[in-house]
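Colleague: Below is a structure I'd like to ask you about.
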Amino acid sequence: MIKIENMYKIYKMGDNEVRALDGINIHILKNEFVAIVGPSGSGKSTLINMIGCLDTPTSGKYYLDGIDVSRINENKLADIRNRKIGFIFQSYNLLAKLTVLENVELPLIYMGLSKSKRHALAKDAISRVGLSGRENHRPNQLSGGQQQRVAVARALVNNPSLILADEPTGALDSKTGQELLAMLKDIHSNGNTIVLITHDKEIAQNAKRIITIRDGKIHQDSEVKAQ
């Protein structure tokens, strides 16, 4: 599913060289649930940008579903992001002027689907996250937990093979955060590959495998013991 080989991301800061990623090697299989953990400045945000096809490496290879995406152009990257990857962000990233239905439909618009098909798929995704009846609400009419559920529905609507969840519980209270983690586990059980990014080791324990990154390098890669 995900194969990263000897990946570097190097930034020039005047005469200095910053290695945000310093020879990363990762292999994530289809239907794995993996947490990537690291403190601020560890390189995990850079790594997730690479995995999400939001950036390209200075050197090294990245294969997603067998496709080398490390050197393709921006238009092709955007197409891969839209078809293969669902994103869940800490800040929800919902458009305030759009309804729940319209926010969830957004990835489908870029796929060129008809209005009726978009509506049907979006309503099904909204139902999956327990928000049926809220299709015409706007984000400011929803709680934080409900907004994050809308974000999950949007991530699921195009049936992506990979879900990237970047600090998805960061803006939620502990109870709502646990509800979201339970939802991610359910999504994983239905066949999706999930990569969860967090600085919280307790949150990471909800995954099946934890990759710890420090100073742009893989510090540890271990299975989570059954609880």
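The values are calculated or read from the model by the stated rules, or taken from the named source; none is laboratory data. This is a predicted model, so every value here is computed, not measured. Neighbour counts run over all protein chains shown; Cβ positions are idealised from the backbone, glycine included. When the accessible area is computed, the model is the full protein with side chains, heavy atoms only, and any ligands, DNA or RNA have been set aside. Shrake-Rupley method; radii C 1.70, N 1.55, O 1.52, S 1.80 Å.
Colleague: For ILE28, state whether it is farther than 20 Å from PHE87 by Cβ, open to solvent by less than 20 Å² (accessible area, probe 1.4 Å), among the aliphatic types (A, V, I, L, M) and at pLDDT 95 or above.
Modeller: Judged against the criteria, ILE28 is not a match.
Colleague: Then there's this: Say we look at the stretch 126-150 and pick out the residues that are among the polar types (S, T, N, Q) and part of a helix (DSSP H, G or I); which of these is farthest from SER174 (Cα to Cα)?
Modeller: SER127
Colleague: Does LEU77 satisfy being modelled with pLDDT of 95 or more and either in a helix (DSSP H, G or I) or exposed (fewer than 14 other Cβ atoms within 10 Å of the Cβ) (or both)?
Modeller: No: the conditions fail for LEU77.
Colleague: Continuing with the same structure: Against the definition (in a loop (DSSP other than H, G, I, E, B) and of a type in the set (D, E, K, R)), how does LYS97 come out, yes or no?
Modeller: Here the answer is yes, as LYS97 does meet what is asked.
Colleague: Give the stretch 31-40 a look and list any residue that's more than 18 Å from ILE88 (Cβ to Cβ) and either open to solvent by 20 Å² or more (accessible area, probe 1.4 Å) or among the aliphatic types (A, V, I, L, M) (or both), or say none.
Modeller: If the condition is that a residue be more than 18 Å from ILE88 (Cβ to Cβ) and either open to solvent by 20 Å² or more (accessible area, probe 1.4 Å) or among the aliphatic types (A, V, I, L, M) (or both), then PRO39, SER40 are the ones that fit.
Colleague: Examine the stretch 1-9 for a residue that is surrounded by 20 or more Cβ atoms within 10 Å (Cβ to Cβ), at pLDDT 90 or above and touching a Phe, Trp or Tyr at 6+ places or on another chain (Cβ under 6 Å), and state whether such a residue exists.
Modeller: The answer is yes, given that some residue of the stretch 1-9 is surrounded by 20 or more Cβ atoms within 10 Å (Cβ to Cβ), at pLDDT 90 or above and touching a Phe, Trp or Tyr at 6+ places or on another chain (Cβ under 6 Å).
Colleague: Something else now. For the stretch 151-209, give me each residue that is part of a helix (DSSP H, G or I) and of a type in the set (D, E, K, R).
Modeller: Passing the criteria: ARG154, LYS175, GLU179, LYS185, ASP186, LYS201, GLU202.
Colleague: For the stretch 125-178, which residues satisfy the criterion of being open to solvent by 10 Å² or more (accessible area, probe 1.4 Å), within 13 Å of the chain's Cα centre (by Cα) and among the hydrophobic types (A, V, I, L, M, F, W, C)?
Modeller: Selection gives LEU156 alone.
Colleague: Moving to a separate point now. Are there any pairs with C-beta distances below 9 angstrom linking a residue in the stretch 2-16 that is under 11 Å from LYS61 (Cβ atoms) to a residue that is loosely packed, with under 11 Cβ neighbours inside 10 Å, with the two at least 6 apart or on different chains, and if so which?
Modeller: Listed by first residue and then by second, the contacts come to LYS3/GLY66.
Colleague: Is there a residue being open to solvent by less than 60 Å² (accessible area, probe 1.4 Å) and farther than 28 Å from GLY170 by Cα anywhere in the stretch 41-51?
Modeller: No, there is no match, as no residue in the stretch 41-51 is open to solvent by less than 60 Å² (accessible area, probe 1.4 Å) and farther than 28 Å from GLY170 by Cα.
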